[in-house]
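Each remark here refers to the structure printed beneath this line.
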Amino acid sequence: MQRSLKVADRAKVPAFEVMNILDRVAQLRAEDRDVISLCAGEPGDGAPSAVSQRAAQIHTAGTPMTYTPTLGIRDLREAIAKHYKRWYDIEVSADNVAVTTGSSGAFLLMFLSAFNAGDRVALARPGYPAYANILRTLGIDVIELDAGQDSRYQPTVELLEAAWQQHGQLDGLMLASPANPTGTMVSGDELSALTDWCKDRGVRLISDEIYHGIDYPEPGSEARRSVSAWEMDTDTVVISSFSKYWGMTGWRLGWALVPDDMLATVDALAGNVALCPPAPAQYAALEAFTEASYAEAEARVAEFARTRAAVLDSIERLGWGECAPADGAFYLYADLGEKLGSHANAAAYCAALLEVEGVAIVPGNDFDRVNGHSHVRLSFAAGYDAVTAAIERIVRFQANA
């Protein structure tokens, strides 16, 4: 009798609801429906002009795109190190910079390098689902911290202490600031407290900083709100990307700041997992660090800020319940409250909104499978005109529900 084939249980992670919604958006647009998609977490303008122009030059010149060094070309690693001096006034050695295939590639490499199967890693819920899904596929126990409005949806020392008491020793903490889906951030003092707690207890902190640069100063302040974990402790792992601030999502290029004790392991793993990051993207990305590219990115952030203000000004009209403050990134995460109406849950609400009014937003169950059934995430990366038009449609949809 033929033995049945199997699919690994560890591979059976939940699919992203957002991808199903985007498929439906494509179908509706193919039917000539006017659809405004506020689903994806990506800027719509693409890479800075200088990056795109350099990419065109590389390809038209017929330059052979052979393998690069495993952790990226030296020029790019040095440019990233200089970026940390520019933004955070800290010295970073290019030797500690690992260029990766998107930040997603960095997550896999860092998790593999930092944790063993059976280790416990804490993270905030709600949060980006790929963290937990990747960790679980590696046999790592995910300890979810119920981080609600009281903690501004971020981990705190108190939540970590409670998790330690309940579950036993923790081996890692996954932090995101600004966070997806909430856009909330930790302050310098809060980050310092978290890094001190982790260092005292031998917990590896991994800091997702891919939305850095997209933050909104406090009223009356000109200072950025983004603080890097490497300002506090170089035993932490920092993960970042060209995807958000520079708008280069499809280029699949990210990086990590790797502590000295993990460098050899990360180098060896990277060679086995991916050989090297995409060569054309690496050479073109050098242009991301020119003054012109920074200026383009800053203009985009200013547009995000304008759109964010319009969204926050519309919350009363939307009539939704508790909302995250959106300190950074380009998301509004909110409880629908009474506006859930007769819909069974946020997924049903979002499906109906898409079919009736042609507006696509994401239900919260992607980010929180305990409490997300009544929440939605609205991305305002699509721009001011699209977002303000979508809000009018949402208000109309709710009035007619």
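Of all residues in region 382-401, those satisfying the criterion of being under 18 Å from residue 348 (Cα atoms) and either open to solvent by 60 Å² or more (accessible area, probe 1.4 Å) or outside any helix (DSSP H, G or I) (or both) are 396, 399, 400, 401. Using beta carbons and a limit of 9 Å, which pairs, at least six apart or on different chains, have the first residue in region 261-280 and free of Cβ contacts under 8 Å to residues at least 40 places away in the same chain and the second one of a type in the set (Val, Ile, Thr)? As it stands, the answer is 268/70, since those pairs meet every condition given.
Could you grab me the full set of residues in region 320-340 that are of a type in the set (Asp, Glu) and touching a helix residue (DSSP H, G or I) at 6+ places or on another chain (Cβ under 8 Å)? The answer is 322, 335.
Of the residues making up region 70-90, just one is at positive phi and either open to solvent by 90 Å² or more (accessible area, probe 1.4 Å) or in contact with a Leu (Cβ under 6 Å, 6 or more places away or on another chain) (or both), namely 89.
Could you list, in sequence order, all residues of region 101-111 that are in a helix (DSSP H, G or I) and over 17 Å from residue 173 (Cβ atoms)?
So the first thing to find is which residues in region 101-111 are in a helix (DSSP H, G or I), and the list is 102-111.
Scanning region 101-111 gives 102, 103, 104, 105, 108, 109.
A single member of 347, 352 is buried (at least 16 other Cβ atoms within 10 Å of the Cβ), in a helix (DSSP H, G or I) and over 18 Å from the mean Cα position of the chain (by Cα), and it is 347. Being crowded, with 24+ Cβ neighbours inside 10 Å and either modelled with pLDDT of 95 or more or under 22 Å from residue 308 (Cβ atoms) (or both) is not true of residue 139.
Name the single residue, out of those in region 179-204 being assigned to a loop (DSSP other than H, G, I, E, B) and small (Gly, Ala, Ser), that is nearest to residue 123 (Cα to Cα).
Pass one, region 179-204, residues assigned to a loop (DSSP other than H, G, I, E, B): 179-187, 202-203.
If we keep only those that are small (Gly, Ala, Ser) as well, we get 179, 183, 187, 202.
Values: 179: 11, 183: 15, 187: 17, 202: 16 Å.
The residue in question is 179.
Taking region 155-178 as the range and being in contact with a strand residue (DSSP E or B) (Cβ under 6 Å, 6 or more places away or on another chain) and not in a helix (DSSP H, G or I) as the test, the residues that pass are 155, 170, 171, 172, 173, 174, 175, 176, 178. Every condition in (1) of a type in the set (Val, Ile, Thr); (2) touching a residue at least 40 places away in the same chain (Cβ under 8 Å); (3) open to solvent by 10 Å² or more (accessible area, probe 1.4 Å) holds for residue 184 except the one numbered (3).
Any residue at all in region 192-202 that is under 25 Å from residue 323 (Cα atoms), open to solvent by 10 Å² or more (accessible area, probe 1.4 Å) and modelled with pLDDT of 95 or more?
The initial filter retains those residues of region 192-202 that are under 25 Å from residue 323 (Cα atoms), namely 194.
After this cut, where a residue has to be open to solvent by 10 Å² or more (accessible area, probe 1.4 Å) as well, the list is none.
Taking every residue of region 192-202 in turn, none turns out to be under 25 Å from residue 323 (Cα atoms), open to solvent by 10 Å² or more (accessible area, probe 1.4 Å) and modelled with pLDDT of 95 or more.
Restricting to region 244-263, name every residue that is over 17 Å from residue 73 (Cα atoms) and open to solvent by 10 Å² or more (accessible area, probe 1.4 Å).
Going through region 244-263, the residues over 17 Å from residue 73 (Cα atoms) turn out to be 244-250, 259-262.
If the condition is that a residue be over 17 Å from residue 73 (Cα atoms) and open to solvent by 10 Å² or more (accessible area, probe 1.4 Å), then 244, 249, 250, 260, 261 are the ones that fit.
Within region 205-232, the residues that satisfy the criterion of being under 29 Å from residue 119 (Cα atoms) and open to solvent by 50 Å² or more (accessible area, probe 1.4 Å) are 231, 232.
Number of residues in region 96-132 that are surrounded by fewer than 19 Cβ atoms within 10 Å (Cβ to Cβ) and either among the aromatic types (Phe, Trp, Tyr) or more than 21 Å from residue 252 (Cα to Cα) (or both) equals 4.
Answer yes or no as to whether residue 296 is farther than 30 Å from residue 109 by Cα, outside any helix (DSSP H, G or I) and open to solvent by 50 Å² or more (accessible area, probe 1.4 Å).
Values: farther than 30 Å from residue 109 by Cα: yes; outside any helix (DSSP H, G or I): no; open to solvent by 50 Å² or more (accessible area, probe 1.4 Å): yes.
Here the answer is no, as residue 296 does not meet what is asked.
The residues of region 20-66 that are assigned to a helix (DSSP H, G or I), over 14 Å from residue 354 (Cβ atoms) and open to solvent by 90 Å² or more (accessible area, probe 1.4 Å), listed by number, are 53, 57, 59, 60. Of all residues in region 355-381, those satisfying the criterion of being farther than 11 Å from residue 335 by Cβ, open to solvent by 20 Å² or more (accessible area, probe 1.4 Å) and part of a helix (DSSP H, G or I) are 355, 356, 357, 365.
Going through (1) open to solvent by less than 30 Å² (accessible area, probe 1.4 Å); (2) more than 30 Å from residue 65 (Cα to Cα) one by one, residue 315 falls short only on (1).
Considering only residues of region 266-286 that are part of a helix (DSSP H, G or I) and open to solvent by 60 Å² or more (accessible area, probe 1.4 Å), which is nearest to residue 199 (Cα to Cα)? Give the derivation first.
In the first step, residues of region 266-286 are kept if they are part of a helix (DSSP H, G or I); the result is 266-273, 279-286.
Add one more test, that the residue is open to solvent by 60 Å² or more (accessible area, probe 1.4 Å), and what stays is 267, 272-273, 283.
Details: 267: 24, 272: 30, 273: 29, 283: 36 Å.
That would be 267.
Filtered by the rule that a residue be outside any loop (DSSP other than H, G, I, E, B), of a type in the set (Val, Ile, Thr) and within 21 Å of residue 89 (Cβ to Cβ), region 205-246 gives 237, 238, 239.
The values are calculated or read from the model by the stated rules, or taken from the named source; none is laboratory data. Values in this document were obtained by computation on a predicted structure and should not be read as measured data. All Cβ positions, glycine included, derive from the backbone under ideal geometry; neighbour counts span all protein chains shown. Protein only, heavy atoms only, side chains kept; ligands, DNA and RNA dropped before computing areas. Shrake-Rupley method; radii C 1.70, N 1.55, O 1.52, S 1.80 Å.
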